[in-house]
Amino acid sequence: MLKSNCLKCVKCSLHKNRTQVVFGEGNKNSKILFVGEGPGVNEDIEGRPFVGRSGELLDSMLKDIGLSRDKDIYISNIVKCRPPDNRDPLPEEQEMCIQWLRNQFYLMKPKIIVALGRIASLKIVDINIKITKDHGIFKKKNNVWMIPMFHPAAILRNMKNKIYMQKDFLNLKNKIQELEPFLIDSKTHIFNRLPIN
């Protein structure tokens with residue numbers, strides 16, 4: 001019901017140029033939610049978040065800590081339609097669209113949120129966050145652990161920062177192991193697959 005309503009959304013002007021709404025994908029029972037800022041051109045075409053080179057990098061980082069996007073996490077965005085020319089979503093667009101993410105959050109009840117990039121981190125983690133300084137540092141809000149990270153597209157633009165993202169994913173892995181009793185999915189137990197340090 002939530003997804004079908006979102007796919008018809010015309011609340012803001014972003015709907016005018018979209019190919020399709022990018023609602024989200026992954027394990028809806030997961031307690032780990034990844035959030036980006038919005039779809040890019042590839043996502044708009046395929047209707048899936050984080051595809052193309054950014055998606056490949058994200059999948060690789062997940063694999064390095066023993067996770068997969070299909071089984072272990074859920075991925076969504078602040079806005080569900082592609083902003084023109086891949087620009088940052090405007091504050092009013094974010095406000096119009098954020099209710100969809102809030103509803104996804106309500107249904108999932110995640111224990112960990114990974115905010116990918118500056119926009120998602122400002123909107124979800126802390127309005128004063130500086131992604132270059134605060135990435136990889138967990139913050140607890142309303143009993144949910146939140147961690148800002150570089151967006152994969154930003155890493156692709158400056159591969160020197162890849163080492164920081166790798167360290168941040170190790171922090172994520174450690175937090176998952178710390179919270180193991182709260183993250184058990186009834187269909188799969190991700191901790192049986194996490195590589196030992």
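Read-outs: derived from the displayed coordinates by stated rules, not from any lab. Values in this document were obtained by computation on a predicted structure and should not be read as measured data. For neighbour counting, all protein chains shown are included, and Cβ atoms are generated from backbone atoms with ideal geometry for every residue, glycine included.
Of His15, His135, how do they rank once you tally other Cβ atoms within 10 Å and put the fewest first?
Ordered by Cβ neighbours within 10 Å, fewest first: His15, His135.
Sticking to Cα atoms, compute the Rg of the chain to one decimal and its Dmax as the biggest Cα-Cα distance, whole number, in Å.
For the chain, the Cα-based Rg and Dmax read 15.8, 48 Å.
Using the structure shown, select from Lys28/Lys167; Lys63/Lys109; Lys8/Lys130 the pairs with a Cα to Cα distance greater than 32 angstrom.
From the list (Lys28/Lys167; Lys63/Lys109; Lys8/Lys130), the Cα-Cα distance tops 32 Å for Lys8/Lys130.
Arrange Glu93, Glu180 by Cβ neighbour counts within 10 Å, fewest through most, would you?
Glu180, Glu93
For a 29 Å ceiling on Cα separation, which of these pairs sit above it: Lys80/Lys139; Lys80/Lys173; Lys11/Lys140?
Lys11/Lys140
Which percent, to the nearest 5, of DSSP beta bridges fully inside the chain are antiparallel?
Details: 5 of 18 bridges.
Roughly 30 percent of the DSSP beta bridges within the chain come out antiparallel.
Considering Cα pairs under 8 angstrom that are at least six residues apart, work out the relative contact order of the chain and quote it in whole percent.
Numbers: 327 pairs, mean separation 46.8, N = 197.
Computed over the chain, the figure is 24 percent.
What Kirkwood hydrodynamic radius do you get for the range 85-133 when you take the inverse of the mean 1/r over all pairs of distinct Cα atoms, in Å?
Result for the range 85-133 stands at 12.1 Å.
Which values of log₁₀ I(q)/I(0), to two decimal places, follow from the Debye formula for the range 22-113 at q = 0.20 Å⁻¹ with a uniform point scatterer at every Cα?
Debye curve over Cα of the range 22-113, log10 I(q)/I(0) at q = 0.20 Å⁻¹: -0.96.
Taking the Cα centre of the range 42-168 as origin, work out the dipole magnitude from +1 charges on Lys and Arg Cβ and -1 charges on Asp and Glu Cβ, in debye rounded to 20. It would help to have the intermediate numbers written out before the result.
Details: 22 positive and 16 negative charges, 104 e Å.
Its charge dipole is roughly 500 debye.
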